[in-house]
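Structure record follows, encoded as structure tokens.
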Amino acid sequence: MTDQTRPGNTMLRRIWDQAGIASIPILMIIVAAIEVPHFASAGNVIYSLGLSLTTTGIVACGMLFALASGDFDLSVGSVAAFAGMACAVLISKGMPASEAILLALLGSALIGFVNGFIIAVCKINALIATLASMQIVRGLAYLLNDGNSLGISNDHVAALGNMMVLGLPMPIWVLAACLLVFGVLLHKTVFGRNTLAIGGNAEAARLAGLPTAKIKIMIFALLSLLSGLAGIVSSAQQQLGDPKSMVGLELRVISACVLGGVSLTGGIGAIYHVIVGMLIMGIVQNVMDLKSVPTFYQYLISGSILLAAVLVDQWKQRRMQRVKVAG
Amino acid sequence: MALALEFSGISKAFPGVQALSDVSFSASSHQVHAVMGENGAGKSTLLKVLSGDNRPDSGTLRLDGKDVRFRNTHEALQSGIAVIYQELQLVPDLTVAENVFLGEMPSKWGLTSFAKMKRETARILEWMGETIRPDARLGSLSIAQRQMVEIAKALSHDAKIIAFDEPTSSLGSKEVDRLFHVLDQLKKQGKVMLYVSHRMDEILKVCDAATVLRDGKHVKSFDHLDGVTADQLVELMVGRVVNTEASYRTREIGEVVMTVQDLVGPGLSSPVSFDLHKGEILGFFGLVGAGRTELMKLLAGAEKATGGTVTLLGNELKRGNPTDRLNAGIGICPEDRKKEAIIPVASVQDNLNLGVRSRFSRMKFWINNARERENASAQSQRFGVRAAGLDALMRGLSGGNQQKVVLGRVLGHSLHVILLDEPTRGIDVGAKEEIHNHIRALAEQGVATIVVSGEMPEILSLCDRILVMSEGRISGELTHEQASQVTLLEYALPTGN
């Protein structure tokens, strides 16, 4: 009747369910390498594709946790802009680069802590809470330098943005480190497992004795910390703090996560979802740029791909439900 | 006599339970017909069959001698049937008139005719003797007034048959009198009324006829209630013979483990005090809504108590959360398995390690997969969980196996007190017996156990002592020897106002 009665089918289906989504970016890379001129060049892969992934990818590592726990955060773009701005302002006031970066990161984490507190303790819906902080923090970013962007002239910061290490620019190494650390955090630690448990059923997790409020606050603090990091890395690349930057980042990040297979309703998420989602988005964007697809069409295509991905996900979920009824 | 409403051989099964089997009885117009039975007797299902919410597996419903078949509640309403549930089905943000006409507002050229709506509503309410304004926002009304609006809604549909599900459960005595007055009016109009209630005094006062259900079967119908006593009705409600003595085992009961003193909190109407002993199985019996689940939530730290103390092994516990209570040694298996106990998208192993995981971790941080696996396989073997494997997703398991996983998880902690809220609800007979044996084994190991249940046989075959709750307070205490189905129900039934 369904998969359970056909073991051979189950095997194939399981491989598809587990790794199927990962094969999509690989396939895309192969096709693009053959079909799209210049795609496979080192310059394109490292600079255009690689660097375009960093901001979204770094923040997505944190958003993964928020989504896995059944929440999300709209303030990430504002926090990134704020952190970049704060870093620029502090350096312009003569603070050493390392201290400025540390302080900007701390400030970002504090914003996340407040977000988490409002959501977990005051029990305000995450949509509303982070919609508010998105605007408040954006306002703070503007206030830091009267709404003007501010150049950063500091060699250490420039190195964070542009230095080459083992043939790759620094931001790509930062992204790789984030994927590694947060992958380990989600899959190998009690904190990661508890995050998924809260997303799977918050009330059950609470009654089973998990300190759900603490865990949620921690998740939002980490996510904001990553948003700040992404903002600082991006500012370092451009050697500019810009309060108008990173608008719409939250939507790109959530899209990337969902595209890769993270469940919007919580409980399901893995680091490879982030990698896959980020790659699919990045490759599509890169190919469209190389093919000089007009911007207006790029929106249509990106939106359609996201829609297709969630429809496929829904279909997969329904199929699993049916398996349950049969079993 | 005009048999306005007739149930004929109605049967309805849900997975694992025969909710109604071959129920036949009829109700005539100009009468209020009581439908009685204890928890799970089939009253709710019967009302749902009447309202078109559930379609019967077999049997027919007859209105004025004609067979009717409803595919949904709308069709039932069109045929003149209105069911007024305990939780009223009204929209608080709309006005009284809009609620009365919700679903079929009168309109003219596509525009809703608010004037007509108000006029009609005012007329109906006036006939009922109510002074509610048609344009008042429903949310601003009292519960009793909302109920009147619900009745008005039924009348606006020209309902010939009106069924009430526990209509007085949240009313004061004055409000009850008003409701009875309206029932009298409706009776004079020739309506057929079904009246589901646990309150014997009310039934004997307002009802003209009665039907008693038990375990989904029709037990007896009375054409009139002259000379019928409450005792008689109670006996019919419980009359089933179950050999609970055979499965009950006497146990060694030790010293006091937990003392609850004057505990007050949401869901309790007066302070609760009791002791719990080592190795004892203490039962909490009561009808739905008696406050048992709320009490367990207070003990488990899931709700905040507003007063009173809980003392465990001589130490007074501070008002805490579930984490603190678990660390102190009190664990709960919640009542609503799906909503409160399991993580459907996680594996059996993950579910078994939920909340105990950090005990197996390295430095309280790194997951120790080998030890988690060990714990999961030990607990699932201990309780005989049948699943495709420890990596199988929880949502694929049957209710009984899910319950065993939840039990296994809670017992991963070293507990002094375990709170089991409806441990076998919705579970088939075989699995039920297995779980009962596990509960007995736990008690014999010295764990102090509380079993909350609305099923008398479960309570009688497990518990050494039983506290009966009714309307948010403890209404009686019975030893195993004193307890019988009749005594349990006598304490559990609300005493009225």
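Read-outs throughout are calculated quantities, based only on the coordinates presented, and are distinct from any laboratory measurement. Model, not experiment: these values are computed from the prediction. All Cβ positions, even for glycine, are placed from backbone atoms using ideal geometry, and neighbour counts span all protein chains on display.
How much of the calculated P(r) for chain A lies past 29 Å, in percent of all Cα pairs? The share of Cα pairs beyond 29 Å in chain A comes to 41 percent. Working from label points 7 Å from Cα in the Cα-to-Cβ sense, the B:ASP135 to A:ILE136 distance is 4.1 nm.
So in the protein assembly as shown, what percent of DSSP beta bridges are antiparallel if you round to the nearest 5? Bridges in the protein assembly as shown that DSSP calls antiparallel: roughly 55 percent.
Stretching A:GLN298 away from A:LEU251 to a fully extended chain increases their span by 15.4 nm, per 0.36 nm per residue minus the current alpha-carbon distance. Considering only A:VAL284, A:TYR142, A:MET218, and ranking their Cα positions along the charge dipole of region A:3-326 that arises from unit charges at the beta-carbon of Lys, Arg, Asp and Glu, the one farthest toward the positive end is A:MET218.
Each of A:TRP315, B:TRP109 was scored by other Cβ atoms within 10 Å of its Cβ. Listed from fewest to most, they are B:TRP109, A:TRP315. Note the angle between two axes, namely the Cα long axis of helix B:399-410 and the longest principal axis of the Cα atoms of chain B, as a number of degrees from 0 to 90, rounded to the nearest 10. So the helix axis and the longest Cα principal axis differ by about 50 degrees. Relative to one another, the C-alpha centroids of region A:233-273 and region B:408-424 are positioned 42 Å apart.
Peptide B:293-306 shows a mean partner chain C-beta count of 1 within 10 Å per residue C-beta.
How big, in percent, is the set of alpha carbon pairs in region B:1-123 lying more than 25 Å apart? Of all Cα-Cα distances in region B:1-123, 37 percent exceed 25 Å.
Each Lys and Arg adds +1 at its Cβ and each Asp and Glu adds -1 at its Cβ; summed about the Cα centre, region B:5-238 shows a dipole of about 680 debye. Between region A:53-101 and region B:427-476, what is the separation of their alpha carbon centroids in Å? So the separation of the two Cα centres works out to 54 Å. In degrees between 0 and 90, to the nearest 10, how far off the longest principal axis of chain B does helix B:429-444 point, with axes built from Cα atoms? Between helix and principal axis, roughly 50 degrees. The residue list B:LEU460, A:VAL312, B:LEU493 was ranked by how far each Cα lies along the charge dipole of the protein assembly as shown toward its positive end, using unit charges on Cβ atoms, and A:VAL312 comes out on top.
Computed from point charges on the beta carbon alone (+1 for Lys and Arg, -1 for Asp and Glu), the dipole magnitude for chain A about its Cα centre is near 1080 Debye. Taking region A:97-129 and a reference point 7 angstrom along Cα→Cβ of A:GLN317, the backbone N atoms nearer than 19 Å belong to A:126-127.
Site pair B:VAL486 and B:ASP184 shows an inter-label distance of 3.5 nm when each label is modelled 7 Å from Cα along Cα→Cβ.
By the count of neighbouring beta-carbon atoms within 10 Å, fewest first, A:THR56, B:THR73 end up ordered B:THR73, A:THR56. Across region B:5-238 the C-alpha pair distances fall into 10 Å bins from zero in the proportions 8, 32, 35, 19, 5, 0 percent. Semi-axis lengths, largest first, of the ellipsoid equivalent to chain B are 45, 26, 24 Å, with √(5λ) applied to each eigenvalue of the Cα gyration tensor. Positive end of the charge dipole of chain B (Lys, Arg +1 and Asp, Glu -1 on Cβ, about the Cα centre): tell me which of B:GLY355, B:GLN89, B:LEU155 has its Cα farthest that way. Going by the charge dipole, the pick is B:GLY355.
Remark: mean inter-chain Cβ contacts per residue of B:319-325 equal 4, using a 10 Å Cβ-Cβ cutoff to other protein chain atoms.
Nearest 0.05, what FRET efficiency do A:LEU290 and B:SER414 give at R0 = 56 Å with Cβ-Cβ as r? Efficiency computed from Cβ-Cβ geometry: 0.35. Only Cα pairs under 8 Å and 6+ residues apart enter the sum, and on that basis the relative contact order of chain B stands at 16 percent.
Across peptide A:75-81, the mean count of Cβ atoms from other chains lying within 10 Å of each residue's own Cβ comes to 0. Computed extension length for B:GLU374-B:ASP336: 10.9 nm, one decimal, from 0.36 nm per residue of separation with the Cα-Cα distance subtracted.
Region B:254-299 and region A:104-151 have Cα centres separated by 45 Å. Between B:GLN261 and B:TRP127, the distance separating the two model label sites (each 7 Å from Cα on the Cα→Cβ line) works out to 6.0 nm.
Straight-line reach from B:LYS220: taking Cα to Cα under 16 Å and skipping same-chain neighbours fewer than 8 places apart, the lysines in range are B:LYS43. At q = 0.05, 0.06, 0.10, 0.11 Å⁻¹ the log10 of I(q)/I(0) for the protein assembly as shown amounts to -0.37, -0.53, -1.18, -1.27, computed by Debye summation with a single uniform scatterer per C-alpha, solvent ignored. The calculated FRET efficiency for A:MET28 paired with A:LEU127, based on their beta-carbon distance and R0 = 30 Å, is about 0.40. Only helical runs count toward this figure. For chain B, summing -39,500 (n - 2.57) over DSSP H runs of n ≥ 4 and dividing by all residues gives -9500 deg cm²/dmol at 222 nm. Put simply, the C-alpha atoms of region B:244-492 give a gyration tensor, and the ellipsoid matching it has half-axes of 29, 21, 16 Å, longest first. Dividing the mean sequence gap of close Cα pairs (under 8 Å, 6+ apart) by how many residues region A:3-326 holds gives a relative contact order of 33 percent. Checking understanding here: applying a Kyte-Doolittle mean of at least -1.0 and a length along the axis of at least 27 Å (C-alpha), which whole DSSP H helices in chain A pass? Result, helices passing both filters: A:97-120, A:212-238, A:271-290, A:295-326. Placing a label point 7 Å from the Cα of B:SER24 along the Cα-to-Cβ direction, the residues of region B:192-225 whose backbone N falls under 20 Å of that point are B:210-224. Each Lys and Arg contributes +1 and each Asp and Glu -1, all at the Cβ; summed about the Cα centre of the protein assembly as shown, the dipole is approximately 1820 debye.
Working note: Cα gyration tensor of region B:17-62, eigenvalues times five, square-rooted, sorted largest first, giving semi-axes of 18, 14, 10 Å. Among B:CYS463, A:CYS122, B:CYS207, the order by Cβ neighbours within 10 angstrom, fewest to most, reads A:CYS122, B:CYS207, B:CYS463. For region B:434-497, the Stokes-Einstein estimate of translational diffusion at 20 °C and a viscosity of 1.002 mPa s comes to 170 µm²/s, using the Kirkwood hydrodynamic radius over alpha-carbon pairs.
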